[in-house]
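Peer 1: Below is the structure I would like to discuss, written out as structure tokens.
The values are calculated or read from the model by the stated rules, or taken from the named source; none is laboratory data. Everything quoted here is computed from the prediction, not taken from an experiment. Using ideal geometry, Cβ is built from the backbone for each residue, glycine included, and neighbour counts are taken over all protein chains shown. The protein model used for the area step is the full one, side chains on, heavy atoms only, and it has no ligands, DNA or RNA in it. Shrake-Rupley method; radii C 1.70, N 1.55, O 1.52, S 1.80 Å.
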Amino acid sequence: MRSFLLIASAVGAGLAFGRRYLERGVSDRKTKAIEAAAVETRRQIKRHADDFLKRSFRSFAIATGIKLVILAALWTLAHFGVMGRPYFLYGVMAVLAAFLLRDFWVSWPYVRLGIAELSRYGWRPRRALGEVVAGHVFQQVLQEAQSVPKSRSSTVLLTLAGHSREGLEHDIATSVAAIARDTSWSDLRPFLISAGLKTGALMALYSVCVFALMA
């Protein structure tokens, strides 16, 4: 009986040591996965933000150029006497009103989304941006983790280590989302400032051109 108890104690100690070893290995791999996913996520956020803002500014610049061409055409007709000044003024006011309606129609979905997110997070832009980014990152990382093929051996090892695949996937997605929440403002601020300056400069140029045509 004593020999049996000694053997049982040795086996139990070996199992406990093996489980701690597996737990340590799983924790180390989870930490490395979180760090790698966080780096890749921040890189993707910057790339997507840069692409989106470039496309938006390009569309804005093209629309502004078309507006100026239309106004310049009206001015040309009035300048060469094809169109009387009263008709020119009415035409310009009608065109500007159409431009305003068009801009409102195009911008309204983004404005509505921005208002909804700001009101949800207490009208704090920095927090709202971080929470929106974190929500998207969590879903993306969780989907990518769930898409990795499962193997029976990894499932057994995780079970022996006291973990589950679903729990690890959720922990990794949560941790990466938290990092994205904390770093999104510093990562996106340069792109937002650059886009704001470009848009402001283009709007100022457009206003000057409209004023010159009307004068």
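Peer 1: How many residues, within the range 11-45, are β-branched (Val, Ile, Thr) and modelled with pLDDT of 80 or more?
Peer 2: Here the count works out to 3.
Peer 1: Among the residues of the range 117-144, how many are buried (at least 17 other Cβ atoms within 10 Å of the Cβ), within 15 Å of the chain's Cα centre (by Cα) and under 16 Å from residue 34 (Cα atoms)?
Peer 2: Number of matching residues: 5.
Peer 1: Still on this structure, I have one more. Of everything in the range 29-86, what is in contact with a helix residue (DSSP H, G or I) (Cβ under 7 Å, 6 or more places away or on another chain) and open to solvent by 100 Å² or more (accessible area, probe 1.4 Å)? Give them in sequence order.
Peer 2: Correct list: 85 only.
Peer 1: Where residues in the range 180-207 are touching a residue at least 60 places away in the same chain (Cβ under 8 Å), surrounded by 15 or more Cβ atoms within 10 Å (Cβ to Cβ) and not hydroxyl-bearing (Ser, Thr, Tyr), which of them is farthest from residue 100 (Cα to Cα)?
Peer 2: If we take residues in the range 180-207 being touching a residue at least 60 places away in the same chain (Cβ under 8 Å), surrounded by 15 or more Cβ atoms within 10 Å (Cβ to Cβ) and not hydroxyl-bearing (Ser, Thr, Tyr), then 180 is farthest from residue 100 (Cα to Cα).
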